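Before any comments, here is the structure.
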Amino acid sequence: MTLEIYRINVPDDSLTSSESNSQHRQSTTEVLGGGRRVERLTGSPGDVALRAQFRGRLAPVMAREAKELLEGADNPLPISRAGEDAAINGYYSPSDDVEAPLDPRADGLHRVRSGLSRAGSRNTHWLVAASAPSQPNPGHEFGNAETALVGIPADAKRVRAVDSPSQPTGRSAPSPVATVQARHGAVDLYEATAEPFDDPSYLYDLAYDTQGDVDPGVWDTYGGAGMRDDDGVVQWGRVFDPGHDFGEAEAVLENGLLRLTIDEPTNADATAALDAETYDAGADSWSTVDLPSYQDGGLDTDWRPVDVDLTHIGQARIAAQVEFEAVAGTNAGDVYSVDVELERGRESLEVWAPESVVELPPPDLEALLEPIGSASVLDSGVEQGLVAREEVRL
């Protein structure tokens, strides 16, 4: 049976048995900032020990992926397994001592070890997407729409809007304003400014094994031209640590609807490029977005991304500050940074001028980003979390 930890699938042929006497404990966190074998530890009935081993060409990538997920999870992760082992299903907090050693006795064998402390289940907690709509200043010039959309997986059950994720006094049964089909599932969009109270939080329930399917994510291409190699095996690695070192590879930000590939210049390769694709549900494929370019005469300045600083990797949104440099043309030599956010269910990229500056992005940089930029002047401020049912009972 496959073990799933949020967005990581662990097949049986990578499971290995291991004994542990650790009794690591963590208190339940009310709100989240989303051969191997799993066994119960002897000391605490809610704890499990994760022992993973990876072999083969992609072993370092898979081990790094798992280590980043576990180390970066300050709050509980959904874990599920089908069949007779389904009793393990629930939300778990990884221990602080995640290990990922290379086994010196076996060539290319990478291991990941961690303790997991049970924090709750779908019967004790609700998932929550908490919004805090605001208007960033100075913002952008892509439009003046005033929408603060919050994406919830369409498979979610019992969606409720409340005025607070702790002892709420207001509650409603909201209706989505639209539904979009992303690469791995549908997403319902709710308008946060249309609810009967400010800063609504959306409570909902969702099967463990589908949590993460439509969430935004970051990938490291590790030099692979496509997500899958010639044998159909996924060769890109998921990134869960904002401090991840991409080395000579590209960074990919995607949410199943919009995909951005950013190639930073390095000592080995001075190439710097921004590429965008949108998902075509009818064709089940990605289509290239025709961004204007200096080379084709569409821009007077050649703006190139020279640095990607990931600032947030969460289950509802990912965010980064991207620095652009004008390498040719009218503004040659200038640099300008923009804050970008890609949220669950959103078909466009939120682009904001950083709060520390007063100037909006230069015209040609705005023109470069306009085909993928959101026209809304509002930021939903959405954060994904987990809240105890007792906190939101009537």
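The values are calculated or read from the model by the stated rules, or taken from the named source; none is laboratory data. The model shown is predicted, which means the values in this text are computed figures rather than measured ones. Please note: Cβ atoms are built from the backbone with ideal geometry, for glycine as well, and neighbour counts cover all protein chains shown.
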Name the single residue that is surrounded by the most Cβ atoms within 10 Å (Cβ to Cβ) among those in the stretch 138-155 being under 16 Å from Glu341 (Cα atoms) and of a type in the set (A, V, I, L, M).
Val150
Expected single match for crowded, with 20+ Cβ neighbours inside 10 Å and not assigned by TED's automatic domain parsing to the domain that holds Gly151 among Gln321, Gln315 is Gln315
Those residues that are within 17 Å of Phe142 (Cβ to Cβ) and surrounded by fewer than 22 Cβ atoms within 10 Å (Cβ to Cβ), I need them from the stretch 324-336; list them, please.
Tyr336
With the structure loaded, tell me whether Gly72 is outside the structural domain of Asp241 (by TED's automatic domain parsing), under 21 Å from the mean Cα position of the chain (by Cα) and farther than 22 Å from Leu342 by Cβ or whether it fails that test.
no
Report those strands (runs of 3 or more DSSP E) wholly inside the stretch 177-262 carrying at least 3 residues which are under 28 Å from Thr2 (Cβ atoms).
178-182, 185-191, 217-220, 237-239, 251-254
Being assigned to a strand (DSSP E or B), among the aromatic types (Phe, Trp, Tyr) and crowded, with 19+ Cβ neighbours inside 10 Å is the filter here, so list the residues in the stretch 274-312 that pass it.
Tyr279, Trp303
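For every residue, the table says whether it meets (1) out of contact with any strand residue (DSSP E or B) (no Cβ under 9 Å at 6 or more places or on another chain); (2) among the basic types (Lys, Arg); (3) modelled with pLDDT under 85.
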position: Arg51; (1), (2), (3): no, yes, yes
position: Leu77; (1), (2), (3): no, no, no
position: Glu84; (1), (2), (3): yes, no, yes
position: Glu99; (1), (2), (3): no, no, yes
position: Pro104; (1), (2), (3): yes, no, yes
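Out of Val150, Val159, Val112, I need the residue that is outside the structural domain of Glu359 (by TED's automatic domain parsing), outside any loop (DSSP other than H, G, I, E, B) and farther than 30 Å from Ala375 by Cβ. Which one?
Criteria check complete, one pass: Val112.
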Taking the condition of being in a strand (DSSP E or B) and surrounded by 19 or more Cβ atoms within 10 Å (Cβ to Cβ), how many residues in the stretch 263-273 meet it?
1
Considering only the stretch 333-353, state which residues are of a type in the set (A, V, I, L, M) and within 15 Å of the chain's Cα centre (by Cα).
Val340, Leu342, Leu349
Under 9 Å between Cβ atoms, at least 6 apart or on separate chains: pull out the pairs that start in the stretch 278-292 with a residue that is at negative phi and end on any residue that is basic (Lys, Arg) and not in a loop (DSSP other than H, G, I, E, B).
Thr278/Arg259; Tyr279/Arg259; Trp286/Arg259
